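> My questions will all concern the structure given below.
The values are calculated or read from the model by the stated rules, or taken from the named source; none is laboratory data. Just so you know, these numbers come straight off a predicted model, no measurement behind them. In this analysis, Cβ positions are derived from the backbone assuming ideal geometry, glycine residues included, and neighbour counts consider all displayed protein chains. Ligands, DNA and RNA are excluded from the accessible area calculation, which covers all protein heavy atoms including side chains. Shrake-Rupley method; radii C 1.70, N 1.55, O 1.52, S 1.80 Å.
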Amino acid sequence: MSYTLTTPLYYVNDRAHLGSTYTTLACDAIARHRRLCGDQVHFITGCDEHGQKIQRTAEAAGLTPQAHCDFISAAYRDLWSRWQISNDRLIRTTDPRHRQLVEQFFARVEASGDVVEGRQQGWYCVACEEFKDDAPGAEDPECSIHQRPLEWRDEVNLFFRLSRYQAQIEELIARPGFVQPASRRREVENFVAQGLRDFSISRIDLPWGIPVPGHPGHTFYVWFDALLGYLTALLEPDEPVVLEQILQRGWPAQLHVIGKDILRFHAVYWPAMLLSAGLPLPERVFGHGFLTREGQKMGKSLGNVLDPVVLLERCGRDAVRWYLLRDIPFGDDGDFQQQRFSDLVNNDLANTIGNLLNRTSSMARRWFAGGVPPAGAGADPAHPLALAAQEAADRGAAALEALDFRTAAEAVLSLAIAANGFLNERAPWSRMKQEGQSEVVAADLYAVLEATRWVGVLLAPLLPELSDRMLQQLGQESFESGTEASSSPATASPEAASTAMAATAWQAAQQWGRLQPGLELPEPSPVMGRLELDSPL
RNA sequence: GGCUCGGUAGCUCAGCUGGUUAGAGCGUGGGAUUCAUAACCCCAAGGUCGGGAGUUCAAGUCUCCCCCGAGCCA
């Protein structure tokens, strides 16, 4: 199965912040999960690089817009690579190929009769790149969002006839799974219910944009151009730009993950544009919440922005991923709290999970010839830990499907807690001192090792690196959940490829009793260090 | 100004169509244990459920008003 998901195309007005990192990490977890399940994943991210705001930012920095965009988008590319994001594509809207695609798309929209000329007169916010419908009649109106002066514009623009799609959009957003989380649906419904108005899709006298074919002086409005980046990204980098080809390359997308502030563009404008162009619609749009820091909005004026690069260097990928995914309900706003961050990482990852592996492996090695003990009753599929493992797997998979990372993380964690509890209850260390208990201890330790292996397996989409380290210490191969699809037809065996039911390595690993008795185990060393943050991040 | 969502233990949150002593994890305090990364396991304290009024035999859960936060639209 093909699975296409996207992050927003980030606006290159400034460098990446924690918010975009958060979005991207979440998408990465989904992408990895789908790959582990055998889907052919198209995980798209990118940069939105046009518009007057960019032009002015570049000017202010003494750069050409292109140089500015090159610089910022390179920083994004570098950031995602540092975070080991498994995106398949990183599209830039200044890519010449994108321009070709936009032109083809526009031709279709125009052919549908959805492009009309209209006069746009009013106050304009450059930061929003939007006209403000109802600016106060005052002398110097300001944008309520940016607190910046509005500029008076009076121009002839091209309009997209959004109003023609009223009924279809209403039908779309009424679909149960389309706008997510469901709590955001009404907001969109009300907006649509007010009556959709045509919106302008071009600007005049704005050189930093894609020229509108057949309309000299006009460039495309940034949003019109940016949304289309999702399509351009799907095309193979070396194939000719032919819009129709996206249908062979993974369109429609299964999922657009976005911040809650741009829901309207994705749930209303975007589908209408696609309808006009005669293209299928994405399956769901998920608007996640925003992050604050220690209860305050992050912003340059407050000087409290958390730099993702700093965060990464000081704390590591696993720690940050875990905290963001495990503690903040995706969809709700969340607060980044340093104390809580280190508490959770140390508790869950270092103590509960890391120490579980460490103590178990250490006992097994000491008492059973340096490796995995004979399984005995420990391999029984009805073993309490086997049941716990299966439950964790089921709960985790369902949660990931629902983009409920928190529950997915808790499911894995609960398995580790169950295993720790089991150990304390069975106390192999004291049983080992008694005569004739060796077999029981062997079975107990086997079961706990096996449960620990499952923890490593189930962690793969969420924390690929910790998962790898755990599996290594258990003498297991790690999974390829990164950019190389583990189930790509080229590498899979012919039988596997022909059998639709063939399980991936990851799915096969979720079978109780897979751990080989007698397998030698490497000397355990902590898979997750404790986070000691003595100063503010 | 209008719309939407949220305001439940110190912190992050569960609490479905209203119904026994409001739950979990973290944090805090205590206990147990020694295999292990001062880790693991067990127990406990902690909340007039943002405020006010109302509906009801019964409200965190429904209605209205107000306050606070976030987003959208003006």
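Yes/no matrix, rows are residues, columns are (1) within 12 Å of RNA strand B (Cβ to nearest atom); (2) closer than 18 Å to residue A:352 by Cβ; (3) surrounded by fewer than 17 Cβ atoms within 10 Å (Cβ to Cβ):
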site: A:382; (1), (2), (3): no, no, yes
site: A:386; (1), (2), (3): no, no, no
site: A:390; (1), (2), (3): no, no, yes
site: A:394; (1), (2), (3): no, no, yes
site: A:402; (1), (2), (3): no, no, yes
site: A:411; (1), (2), (3): no, yes, no
site: A:418; (1), (2), (3): yes, yes, no
site: A:422; (1), (2), (3): yes, yes, no
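> Output the residues belonging to the range A:332-345 that are part of a helix (DSSP H, G or I) and more than 7 Å from RNA strand B (Cβ to nearest atom).
Passing the criteria: A:338, A:339, A:341, A:342, A:345.
Results for (1) in contact (Cβ under 8 Å) with a residue 60 or more places away in the chain; (2) open to solvent by 20 Å² or more (accessible area, probe 1.4 Å); (3) in a helix (DSSP H, G or I), shown as yes or no for each residue.
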position	(1), (2), (3)
A:14	no, yes, no
A:25	yes, no, yes
A:30	yes, no, yes
A:44	yes, no, no
A:50	yes, no, no
A:57	no, yes, yes
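> Examine the range A:352-364 for a residue that is open to solvent by 10 Å² or more (accessible area, probe 1.4 Å) and more than 9 Å from RNA strand B (Cβ to nearest atom), and state whether such a residue exists.
Scanning the range A:352-364, I find no residue that is open to solvent by 10 Å² or more (accessible area, probe 1.4 Å) and more than 9 Å from RNA strand B (Cβ to nearest atom), so the answer is no.
> Considering only helices (runs of 4 or more DSSP H) fully contained in the range A:215-331, which possess at least 1 residues that are farther than 23 Å from residue A:405 by Cβ and acidic (Asp, Glu)?
A:222-227, A:308-315
> If you scan the range A:313-331, which residues turn out to be open to solvent by 20 Å² or more (accessible area, probe 1.4 Å) and away from RNA strand B (no atom under 13 Å from the Cβ)?
A:313, A:314, A:317
> Which residue is nearest to RNA strand B (Cβ to nearest atom), if the candidates are limited to the range A:182-211 and must be aliphatic (A, V, I, L, M) and part of a loop (DSSP other than H, G, I, E, B)?
Filtering the range A:182-211 for residues that are aliphatic (A, V, I, L, M) and part of a loop (DSSP other than H, G, I, E, B), the one nearest to RNA strand B (Cβ to nearest atom) comes out as A:196.
> Looking at (1) within 24 Å of the chain's Cα centre (by Cα); (2) open to solvent by less than 10 Å² (accessible area, probe 1.4 Å), find the lone condition where residue A:254 falls short.
(2)
> I've got another one for you. Give the range A:1-12 a look and list any residue that's closer than 20 Å to residue A:234 by Cα and crowded, with 22+ Cβ neighbours inside 10 Å, or say none.
A:4, A:5, A:6, A:7, A:8, A:9, A:10, listed by residue number.
> Something else about it: Among (1) touching a residue at least 40 places away in the same chain (Cβ under 8 Å); (2) open to solvent by 60 Å² or more (accessible area, probe 1.4 Å); (3) near RNA strand B (Cβ under 7 Å from one of its atoms), which single condition is residue A:374 missing?
Of (1) touching a residue at least 40 places away in the same chain (Cβ under 8 Å); (2) open to solvent by 60 Å² or more (accessible area, probe 1.4 Å); (3) near RNA strand B (Cβ under 7 Å from one of its atoms), only one is false for residue A:374: (3).
> Kindly evaluate residue A:214 against the criterion of being on the phi > 0 side of the Ramachandran plot and either among the small types (Gly, Ala, Ser) or more than 16 Å from RNA strand B (Cβ to nearest atom) (or both).
yes
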